Amino acid sequence: MNILLDLSFDGTRYCGFQVQKNGLSVCQALQDGLEQLLGTRPDVKGCSRTDAGVHAGHYALNFWADTRIPMEKFPLALNQKLPADIRVNWAKIVPDDFHARYAAHAKTYHYHIWNSQVDSPFNASYHHKLPGLLDVDAMNQAAQLLVGTFDFTSFCSAGCEVAMRGNTVRTITQCSVTADGPHVVISVTADGYLYNMVRILAGTLVQVGQHRIQPQDVIGILEQKNRGCAGPTLPAQGLFLARVDYPQDL
């Protein structure tokens, strides 16, 4: 049967979700747990790649397996085999042709910033600290200008395979910046992302918030199609995959 899992994970000690030769990945740890539970090591299809240190509130993946464990009990059984920084929230059987990556029609990422001179002792591993006061209204103005279908080459790091093939057009359906005291959150929903796209977009919006560039300057950055025109790539620790959207019947 084809099984869909929803995961939450703290990416601090992992080299990303996908299996890599140079470090422990979330996928490897998950497959280790599945092998202990099922006696086989299934091939896992993740909804997206994630960079080292990136976290997920809801990460979707699917795999094929034969099991008599009811789906409502599968998360509890598998969680006993997983490290404490990875948890399965729910499991369900999906159609044979379902693929966690290709069936997703949108993914939402949140980038967390702690905008204070004094760091928080509770969540330092889950945000990027910026001491200078950010102009959140200006950041929001710029964020709205990024909503739409554009060529996001300027917001893509070198080495992106899809960009090398010329596939750099993406559609952002929602982009906003909110603040609750010192906690600033940049939220982006899109049909797909380029390599480091959200972290570069966040770095560019921070430059707007610091009044280093104007909100309308993001239009010119898009038009330049040049990575050097956009802001810095912010650290991975502030980035969370918040939600993956699938068709309603799933």
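The values are calculated or read from the model by the stated rules, or taken from the named source; none is laboratory data. All of these numbers come straight from a predicted model, not from anything done at the bench. All Cβ positions, glycine included, derive from the backbone under ideal geometry; neighbour counts span all protein chains shown. Surface accessibility is based on the protein's heavy atoms, side chains included, excluding ligands, DNA and RNA. Shrake-Rupley method; radii C 1.70, N 1.55, O 1.52, S 1.80 Å.
Odds and ends about this structure:
- Residue count for segment 177-224 satisfying the condition of being open to solvent by 40 Å² or more (accessible area, probe 1.4 Å) and farther than 23 Å from R101 by Cα: 15.
- V147 vs. criteria in contact with a strand residue (DSSP E or B) (Cβ under 6 Å, 6 or more places away or on another chain) and open to solvent by less than 80 Å² (accessible area, probe 1.4 Å): yes
- Of all residues in segment 231-250, exactly one satisfies the criterion of being part of a loop (DSSP other than H, G, I, E, B), in contact with a His (Cβ under 8 Å, 6 or more places away or on another chain) and of a type in the set (A, V, I, L, M), namely L234.
- S154 being hydroxyl-bearing (S, T, Y), under 18 Å from the mean Cα position of the chain (by Cα) and open to solvent by less than 40 Å² (accessible area, probe 1.4 Å): no
- When the residues of segment 38-49 are filtered to those that are part of a loop (DSSP other than H, G, I, E, B) and among the charged types (D, E, K, R), the one that is nearest to L239 (Cα to Cα) is R49.
- The conditions of being free of Cβ contacts under 8 Å to residues at least 24 places away in the same chain and among the hydroxyl-bearing types (S, T, Y) are not met by Y59.
- Candidate set from segment 112-135 (those that are among the hydroxyl-bearing types (S, T, Y) and out of contact with any Phe, Trp or Tyr (no Cβ under 8 Å at 6 or more places or on another chain)); member that is surrounded by the fewest Cβ atoms within 10 Å (Cβ to Cβ): S125
- Odd one out for G166 among (1) more than 17 Å from the chain's Cα centre (by Cα); (2) small (G, A, S); (3) open to solvent by less than 50 Å² (accessible area, probe 1.4 Å): (3)
- Within the set R212, R199, the sole residue that is part of a helix (DSSP H, G or I) and among the charged types (D, E, K, R) turns out to be R199.
- When segment 64-80 is filtered for residues that are acidic (D, E), under 17 Å from D43 (Cα atoms) and surrounded by 10 or more Cβ atoms within 10 Å (Cβ to Cβ), nothing remains.
- Selected residue (only one of A138, A142 is surrounded by 20 or more Cβ atoms within 10 Å (Cβ to Cβ) and either hydroxyl-bearing (S, T, Y) or over 30 Å from V94 (Cα atoms) (or both)): A142
- The criterion of at least 2 residues that are modelled with pLDDT of 95 or more and either over 22 Å from Q237 (Cα atoms) or among the acidic types (D, E) (or both) is met by the following strands (runs of 3 or more DSSP E) wholly inside segment 50-168: 55-64, 86-94, 148-151.
- Residue in segment 161-178 that is more than 23 Å from D51 (Cβ to Cβ) and free of Cβ contacts under 8 Å to residues at least 40 places away in the same chain present: no
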